[in-house]
Amino acid sequence: MLDIEKIRADFPILERQVHKKTLAYLDNGATTLKPNQVVGEIEKHYKEECSNIHRGIHWLSERATEAYEASREKVQKLINAESTDNIVFTSGTTAGINLVVQSYGRSELNAGDEVIISAMEHHSNIVPWQMLREEKGIVIKVVPVLEDGSLDMESFYNLISEKTKFISIMYVSNVLGTINPMQEICDKANELGVPVLVDAAQAIAHMPVDVQKLNCTFMVFSAHKMYGPTGVGVLYGKAEYLEKMPPVNGGGDMILSVSFDKTVYNVAPYKFEAGTPNIAGVIGLGAAVDYLQSFNWQEVEAREEELIAYAHEKLEKIPGLKIIGTAKNKSGAVSFTMKDIHPHDIGTIVDRSGVAIRTGHHCAQPLMESFGIVATARASFAIYNTKEEVDQLAKALEKVQEIFA
Amino acid sequence: MKNQLYQQTVLKHNRDPRNYGVIEDCSHHAEGFNPLCGDEVKVYMQVEDDLVKAIQFTGKGCAVSQASASIMTTALIGKSLDEAMAQFDEFMKMASGEKQDPQGEIAAFAGISQFPSRVKCAVLSWQTFNAALKAVDNTISTE
């Protein structure tokens, strides 16, 4: 069993008072809080081992390089990648997708080639493809979302043709909480022989993820949504792809030799990590992986499922409240609207009760449009959340209703 | 819970906005947007002899943005342009946390600077009014 009291003690920020109320942090889809174990490792790097990596031959640099590369190994194990060479450090999920689009997309996709994304994608999995469309004339095909917030898989199969050259879909929706049938999508991509990118930003802290089992070509995620620091993320890529893909950023650390006549690039993953990386961030990510791995996945999933079910139960009782996203398989998030009360007004009022939720379009404006709404309020959960915090939210929402009655 | 932002005045104007609608062929017009929130306010004014003869708005968004627009129209109608600009200045100062002594229903926003993430909702209509009057840039954004 998870010891929630002990887990909460790892996150001293949970003790904070907000507007003289106990904080209920239900905005984990935006970013999770960071445990002492992560903050401590980052601090240790700066206080005791601060140095650049991969080039110094002095003792400190060796220590920093070791810690940095140890994180690569930890990430490799977390997602069961073939080797550490498949793990590219980026600045986050957005950077990972942009890297794939700017490197693979620019060099391999041509006018008329079709890229399949979905209507529930975050702007970070829409806009980079639109930029490539501007440049190369690719065609973006969008899998619609059904009323319950699940992917319309029938349309997915109908959209596939010989023109399909790439599939890029999120694992878990940041708005709806829907867990998409990623194995099925990856299987289809492999059957077609086209690359598939899995945006695992909202999955990575909530369920075990296995890139070899999924057999995906690429996977991206961010450290800060899995109890790690902001400004660092991961791109996993299959070796045969990473090897052929051209680098996007040129500079130090991504080369083997440089002369004015000819520069020889380093191998993957290093050729994608030009310049001094976010060393402390990567070390913090390694600590976050350790933290996640200290729990049993089954218990984490069971705990979070229980919280989501409880949130559904409590929120559904509030008259006028409508939950957006009721797919059978859900993780992480519960989005809702309250008749004509604008979500920003909901957000401000519950904030005064100490409850932190996200309100707005959640960087998914096309999804909002497909539901005919402009915004939602969203409660999103992590391992340290409690039913009492859900109660605190429900009580605050009753206050919203009183005010707008 | 005493919530200084959602007072009766604000809730009333949100529910039942005053001077709501388009003025066809008006002398001044501008549109304002909060791209992050999706708030929208369009201001229509008929200015004659340096007087705000008529002012109306249309829009959609949160209670704060829509109530602020409604209250603004009631405050500005019939005012001279000098008086209207003085009100604009006062509201902007109030929104930035400077102590002011607003008269009438505008006082409902006296505490708005205590809600930093909502200031842009409250000032949207006033900035749109200012843009309409100056006719420099007819689409403004508070971001």
Could you estimate the translational diffusion coefficient of the protein assembly as shown from the Stokes-Einstein equation, with Rh from the Kirkwood formula over C-alpha pairs, at 20 °C and 1.002 mPa s, in whole µm²/s?
83 µm²/s
Of A:ILE160, A:ILE7, ordered by accessible area with the largest first and a 1.4 Å probe, the sequence is A:ILE160, A:ILE7
Percent accessible area from carbon and sulfur atoms, the range A:49-293, protein chains only, probe 1.4 Å:
50 percent
With every protein chain present, what accessible area does A:THR276 have (1.4 Å probe, heavy atoms only), rounded to the nearest 10 Å²?
80 Å²
Modelled label reach - A:GLU162, point 7 Å along Cα→Cβ, the range A:131-155 residues with backbone N closer than 20 Å
A:138-141
Spatially proximal aspartates and glutamates relative to A:LYS21 (Cα-Cα < 20 Å; intrachain offsets below 8 disregarded)
A:GLU5, A:ASP345, A:ASP351, A:GLU388, A:GLU389, A:ASP391, A:GLU398, A:GLU402
Using θ = phi - 60° and the Karplus relation 6.51 cos²θ - 1.76 cosθ + 1.60, list the HN-Hα couplings for the range B:90-99 in order, rounded to whole Hz, with x at every Gly or Pro.
4, 5, 5, 5, 4, 5, 8, x, 6, 6
Go through the range A:321-347 and flag every residue whose accessible area shrinks by 30 Å² or more with all protein chains in place compared to the isolated chain (probe 1.4 Å).
A:HIS342, A:HIS344, A:ASP345
Pop a pseudo-label 7 angstrom from the Cα along the beta-carbon direction at both A:ASP210 and A:ILE13 and give the gap in nm to one decimal.
3.3 nm
B:LYS60 versus A:GLU108, label points 7 Å from Cα toward the beta carbon: distance in nm?
4.1 nm
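Order B:PHE115, A:PHE295 by their accessible area, 1.4 angstrom probe, all chains in place, largest first. Walk me through the intermediate numbers first.
Values: B:PHE115 10, A:PHE295 40 Å².
Highest to lowest solvent-accessible surface, that is A:PHE295, B:PHE115.
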Long-range HN-HN contacts of A:GLY233 with modeled amide H, under 5 Å:
A:THR90, A:SER91, A:GLY92, A:ALA223
Taking a label point 7 Å from the Cα of A:GLN293 along the Cα→Cβ vector, which residues of the range A:87-104 have an amide N closer than 19 Å to it?
A:87-90
Surface accessible to a 1.4 Å probe, A:HIS342 within the full protein complex, Å²:
20 Å²
Within chain A, which complete DSSP H helices have Cα atoms spanning at least 18 Å along the helix axis and a mean Kyte-Doolittle hydropathy of -0.5 or higher?
A:279-293
Pairwise centroid distance, computed over Cα atoms, of the range A:37-59 with the range A:216-261, Å:
21 Å
Interface size between chain B and chain A, please: total buried accessible area, 1.4 Å probe, rounded to the nearest 100 Å².
1300 Å²
Can you tell me how much longer the chain between A:ALA30 and A:MET131 gets when fully stretched, taken as 0.36 nm per residue apart minus their C-alpha distance, in nm with one decimal?
33.9 nm
Starting from the coordinates of the alpha-carbon atoms of the range A:49-293, obtain the Kirkwood hydrodynamic radius over all distinct pairs and give the value in Å to one decimal.
18.5 Å
A:ASP27 long-range amide H proximity, modeled H, under 5 Å
A:SER380
What is the distance, in nm, between label points placed 7 Å from the Cα along the Cα-to-Cβ direction at A:LYS317 and at A:GLU5?
2.6 nm
Per residue, how much accessible area does chain B have with a 1.4 Å probe, in Å²?
45 Å²
Could you tell me which chymotrypsin sites (Phe, Trp or Tyr not before Pro) in the range A:204-268 are loop residues by DSSP with no more than 13 other beta carbons within 10 angstrom of their beta carbon?
A:PHE260
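Per the helix-only calculation at 222 nm, which mean residue ellipticity applies to the protein assembly as shown, given -39500 (n - 2.57) for every DSSP H run of n ≥ 4 and division by its residues, nearest 500 deg cm²/dmol? Numbers along the way, then the final one.
Details: 18 runs with 206 residues, N = 548.
The helix contribution divided over the protein assembly as shown gives -11500 deg cm²/dmol.
Which trypsin sites (Lys or Arg not before Pro) in the range B:34-141 sit in a loop by DSSP (not H, G, I, E or B) and have at most 12 other Cβ atoms within 10 Å of their own Cβ? Before the final figure, lay out each step's value.
Working: sites: B:LYS42, B:LYS53, B:LYS60, B:LYS79, B:LYS93, B:LYS99, B:ARG118, B:LYS120, B:LYS134; in loops: B:LYS79, B:LYS99.
Qualifying residues, ordered by number: B:LYS99.
Keeping all protein chains in place, calculate the accessible area per residue for the range A:20-77 (probe 1.4 angstrom), answer in Å².
Dividing the accessible area of the range A:20-77 by its residue count gives 53 Å².
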Determine ³J(HN,Hα), in whole Hz, for all residues of the range A:252-268 in sequence, where each value follows from phi through the Karplus function 6.51 cos²θ - 1.76 cosθ + 1.60 and θ = phi - 60°; x replaces Gly and Pro.
x, 6, 9, 10, 9, 8, 10, 9, 5, 8, 8, 10, 9, 6, 5, 7, 5
Restrict the search to the range B:57-134; then list the GluC sites (Glu not before Pro) that DSSP places in a loop and that have at most 10 other Cβ atoms within 10 Å of their Cβ.
B:GLU98
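Going highest first, how would you order A:379-387, A:282-290 by mean Cβ packing within 10 Å? All intermediate terms of the calculation are to be shown ahead of the outcome.
Working: A:379-387: 23.6, A:282-290: 26.8.
Sorting A:379-387, A:282-290 by mean packing, highest first, produces A:282-290, A:379-387.
Would you mind checking A:LYS74/A:LYS188; A:LYS314/A:LYS387; A:LYS77/A:LYS238; A:LYS6/A:LYS387; A:LYS20/A:LYS322; B:LYS12/B:LYS60 for any pair whose Cα atoms are more than 18 angstrom apart?
Working: A:LYS74/A:LYS188 29 Å; A:LYS314/A:LYS387 10 Å; A:LYS77/A:LYS238 15 Å; A:LYS6/A:LYS387 16 Å; A:LYS20/A:LYS322 29 Å; B:LYS12/B:LYS60 15 Å.
Long pairs (Cα-Cα over 18 Å): A:LYS74/A:LYS188; A:LYS20/A:LYS322.
Quick one: net charge of A:LEU60's neighbours, Cβ under 14 Å, K/R +1, D/E -1? Before the final figure, lay out the partial values.
On the way: positive: A:LYS44, A:LYS47, A:ARG55, A:ARG63; negative: A:GLU48, A:GLU49, A:GLU62, A:GLU66.
Net charge around A:LEU60: 0.
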Give me the net charge for the shell around A:THR93: Cβ to Cβ below 14 angstrom, other residues only, Lys and Arg +1, Asp and Glu -1.
-1
Cα-based helix-to-principal-axis angle, B:63-76 vs chain B, degrees rounded to 10:
50 degrees
Before anything else, pin down the relative contact order of chain A: Cα pairs under 8 Å, at least 6 apart, normalised by residue count, whole percent.
23 percent
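Give me the net charge for the shell around A:PRO35: Cβ to Cβ below 12 angstrom, other residues only, Lys and Arg +1, Asp and Glu -1. Write down the numbers at each step before the final one.
Values: positive: A:LYS6, A:ARG8, A:LYS34; negative: A:ASP10, A:GLU41, A:ASP290.
So the surrounding residues net to 0.
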Burial of 50 Å² or greater, the range A:357-405 residues [accessible area, probe 1.4 Å, versus chain by itself]:
A:ILE403, A:PHE404
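The values are calculated or read from the model by the stated rules, or taken from the named source; none is laboratory data. Being a predicted model, the structure only gives us computed values, none of them experimental. We place every Cβ from the backbone using ideal geometry, glycine too, and count neighbours over all the protein chains shown. To get the accessible areas, we keep the full protein, side chains included, count just its heavy atoms, and leave off ligands, DNA and RNA. Shrake-Rupley method; radii C 1.70, N 1.55, O 1.52, S 1.80 Å.
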